[in-house]
Amino acid sequence: MRKLDFNKGWEIRCVTTDSGFKAVSIPHDAMISEPRIAESLGEGNIGFFAGYDYEYRKTVEVPAEDQGKSQILEFEGVYHNAEVYINGEKAGERPYGYSNFYVDASAFFKYGEKNEILVKANNSDQPNSRWYSGTGIYRPVWLWEGRDAYIPVNGVKIRTLDHETRRISVIVKTSVPGKVRVQILKGEKANLQGASDQERLISTY
């Protein structure tokens, strides 16, 4: 799949204070701009910041010719309890906030039209952290794009079976059945290459 930068063109608003949307760069920490208050429920653990809820939105036009492709959004980190909406429909969510997650946008995009992506970051449920957590889309966002036949995100796994005999296992997942060709390079020289119509290729290098 092709990995596309999806970090530009975002806006943010604070839901708790009902502020208007303003342009923002991703990655972004919204909490650092909050007031520090003595009544902070997270207290010193979060630096006495208030702890608010936020919405991030991005409008993107998806070309009509992209219909039929696999379109997957990857969020490397959103704090926390993220909810993702595409054109008003809930497309995904991620409890808590310290791991990446994927949202398949293929069925939610309107091709040949403008699409709104809305991400909710909810952090008013204080206390929820023993340290300063920040709030919002604090890691990069990517769009993974694949055609009819593609290798999914994290679809290639390489494992050493025996270092003495130099045997490795290469497991490749594909969107459709077919022959997989594997080539391992050292510089520009191929040390190992082979093909298999099975999911697993085991060889020496």
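Values quoted throughout were computed directly from the atomic coordinates according to the rules given, and no laboratory measurement underlies them. Note that this is a predicted model, so its numbers are computed, not measured. Reconstructed Cβ throughout: ideal geometry from the backbone, glycine too, with neighbour counts over all protein chains shown.
Observations on the model:
- Annotation: the residues Met31, Met1, sorted from fewest to most other C-beta atoms within 10 Å of their own C-beta, follow the order Met1, Met31.
- Segment 1-16 versus segment 28-95: alpha-carbon centroid distance in Å: 9 Å
- Translational D in µm²/s for the chain (Stokes-Einstein at 10 °C, 1.306 mPa s, Kirkwood Rh from C-alpha pairs): 81 µm²/s
- Taking every alpha-carbon pair under 8 Å whose residues sit at least 6 apart, the chain reaches a relative contact order of 22 percent.
- For the chain, the dipole from Cβ point charges (+1 on Lys and Arg, -1 on Asp and Glu) about the Cα centre works out to 1000 debye, to the nearest 20.
- Residue order, fewest to most beta carbons within 10 Å, for Val141, Val156: Val156, Val141
- By other beta-carbon atoms within 10 Å, ranking Glu113, Glu188, Glu93 with the fewest at the front produces Glu188, Glu113, Glu93.
- For segment 44-149, the fraction of alpha-carbon pairs in successive 10 Å shells from zero, as %: 15, 43, 26, 12, 4, 0
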